[in-house]
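In what follows, a single structure is set out as structure tokens and then discussed.
Each reported figure results from applying straightforward, stated rules to the coordinates on display, with no laboratory input. Nothing here was measured: the structure is a model prediction, and the numbers come from that model. Here the Cβ positions follow ideal geometry from the backbone for every residue, glycine too, while neighbour counts run over all protein chains shown.
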Amino acid sequence: MTHEVFNQAPLLIGHDVAADPALLEGLVREGAEWHSSELHALGRRAGSEEAQRWADEANRYSPVLRTHDRYGHRIDEVEFHPAWHSLMRVAVEHGLAGAPWADPRPGAHVARAADMLVWGTVEQGHICPISMTYAAVPALRAQPELAAVYEPLLTSRVYDPGLRVPTSKAGLLAGMGMTEKQGGSDVRANTTRAVPEPDGTWRLTGHKWFTSAPMNDLFLVLAQAPGGLSCFLVPRVLPDGSRNPFRIQRLKDKLGNRSNASSEPEFDETVAWLVGPEGRGVRTIIEMVTMTRLDCGLGSAAGMRAALIQAVHHTRHRSAFGGLLIDKPLMRTVLADLALESEAATCLMMRVAGAVDRASRGDSAEAEFQRIATALAKYWICKRQPMMVAEALECLGGNGYVEDSGMPRLYRDAPLNGIWEGSGNVTALDVLRALRTSPSTASALAAEVAPALGENSSLDDAWASVSPLLASPSEATARQLAERAALVLQGALLVRYAPAAVADAFCASRLGRAGGLAFGALPSGVDVDGILARVPSLA
């Protein structure tokens, strides 16, 4: 029979994505053990055939821009496939948007981070509006009277799509409009103008270059006011029910992230409210940027985990050269190396989420650690994701290069988090800025690494090489500093919390440079079996 199918991996469905020892240990360690049951419920949802179908359809059928209705009226709406709304509904109902800011339980932000690491393995595009909604809340608090109106709706667990008066809805989503075509990350070069009105509102005129999720209800926007660059809240629909001018010129034709609509809106006398002091727009919106950078790291860690799961699943079912691929020594070394990268990313992101949670409750020491660790994690984990996904794709061979496998989508999405919310150079410079403006951030980093020192010589040597860079940061060595500090932090966390097989292999290969540069070139003597034991059988 020429069409008998054999020696192919079955569909990777019907498993619990939350069955990740590094994730579950971090959940307990960072104070959110109470969330375990709900996390596993979401994990089973993420591993379902239904969720995988949603992910495929949301990317296969891209959003469509409708600038006018049939009668010629401007509507500036974006239509999404029903699968997009299904993904969004699950995310909002599970509290991945603004819900943690209204949750008084210690560990609420940790629980949400764990959910992001699980649900983010399904599909990355819809995470963008979810992330911006989460991040908008602390920034909006700079204007208490606005926060009093909108925060209860931004923290709602109800997904209520469609453009209507914001206060008439059961839940809201937020976005941001920062970059412009002439400036990009240099937002101080923005030319969008803001003019005050006698009624206390402002009118914005200008063009934004990259505004994702234009169907969100509210946007935090940077514009030049008479007193300097300022932050404003822009609703899509005004309190009287009329459409606020938000003229979408086009949707971006992106490499990946196809399910998410990224747009160029034009403001023409668009109504806005000032958020924070006039002339302090960057300082106000940086609260939002910091939280979206947290989510960039979480998103990349989730994408890395998704790639690892696919590679391990395939090799557990595919035979070649007389045996299962996963039993071949060289393949096992590659998989172990990928598993090391994934566990280090997960461990670091759960620790940063713990710092965010405790800082939000007034812990000043954790706030200092959060300041530098968020930037380090965003820089390094986002840098590693594309390389790791490429190697995982290769584990599937030609099957991994075919759209049906899902790996091409993971590969296209992989570079995105390294660009959004500040490219590599911008993020590395943010590490420098943290060290220069808040020297105590270096002390916070040292305090985090200190308990692991003396346990691993490669870690000790690496920390000794990082310390001078921390003491005298310079732009020319910013990337070197960010990379080495992030690796040391990951190594220290693994030494403290992971099994010896994982910690020793990570420190030897990443810090001691005993291995090669490609994945799978681990040094001899590494406990490959001990590392792979951390990756449970999912199907």
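In terms of other Cβ atoms within 10 Å, Tyr150, Tyr159 run from fewest to most in the order Tyr159, Tyr150. For chymotrypsin sites (Phe, Trp or Tyr not before Pro), the sites in region 307-400 that DSSP calls loop and that have at most 16 other Cβ atoms within 10 Å are Phe321.
Among the chymotrypsin sites (Phe, Trp or Tyr not before Pro) found in region 36-92, those both in a DSSP coil and sparsely packed, with 11 or fewer other Cβ atoms within 10 Å of their Cβ, are Tyr71.
Under the shape rule built on the C-alpha gyration tensor, where the axes satisfy a ≥ b ≥ c, region 395-539 is oblate, since a/c reaches at least 1.5 while a/b does not exceed b/c.
Specify whether the C-alpha gyration tensor of region 179-265 places it in the rounded, prolate or oblate class, a ≥ b ≥ c being the square roots of the eigenvalues: rounded for a/c under 1.5, otherwise prolate if a/b is larger than b/c and oblate if not. It is oblate, given that a/c is not under 1.5 and a/b is not larger than b/c. Calculate I(q)/I(0) for region 21-279 by the Debye formula, one identical point scatterer on each C-alpha and no solvent, and give its log10 at q = 0.09, 0.11, 0.15 Å⁻¹ to two decimals. Here the Debye-derived log intensity ratios amount to -0.41, -0.62, -1.10.
Kirkwood radius for the chain, taken over all pairs of different Cα atoms as the inverse mean of 1/r, rounds to 23.8 Å. Averaging the Cα positions of each part gives two centres, and for region 316-395 and region 153-179 these lie 32 Å apart. Cβ-to-Cβ counts within 10 Å put Lys181, Lys169 in ascending order as Lys181, Lys169, the fewest first.
Taking amide hydrogens as placed 1.01 Å from N in the peptide plane, the amide H of Arg280 sits under 5 Å from those of Cys231, each at least 5 positions away in sequence or on another chain. Between 0 and 90 degrees, the angle of helix 82-93 with respect to the longest Cα principal axis of the chain falls at about 90 degrees. Of Lys208/Lys254; Lys169/Lys378; Lys254/Lys378; Lys169/Lys252, which pairs sit farther than 25 Å apart, going by alpha carbon to alpha carbon? From Lys208/Lys254; Lys169/Lys378; Lys254/Lys378; Lys169/Lys252, over 25 Å: Lys169/Lys378; Lys169/Lys252.
Relative contact order (percent) for region 283-532, with alpha-carbon contacts under 8 angstrom and 6 or more residues of separation?
Here the relative contact order equals 25 percent.
If I fit a long axis through the Cα atoms of helix 36-46 and take the longest principal axis of the Cα atoms of the chain, what angle between them do I get, 0 to 90°, rounded to 10? Between helix and principal axis, roughly 90 degrees. Spread over its residues, the convex hull of the C-alpha atoms of region 283-532 is 122 Å³ per residue.
Ranking of Lys378, Lys383, Lys208, Lys254 by neighbouring Cβ atoms within 10 Å, starting from the fewest: Lys254, Lys383, Lys208, Lys378.
Nearest 10 degrees, 0 to 90: what angle lies between the long axis of helix 457-471 and the longest principal axis of the chain (Cα atoms)? Rounded to the nearest ten degrees, it is 30.
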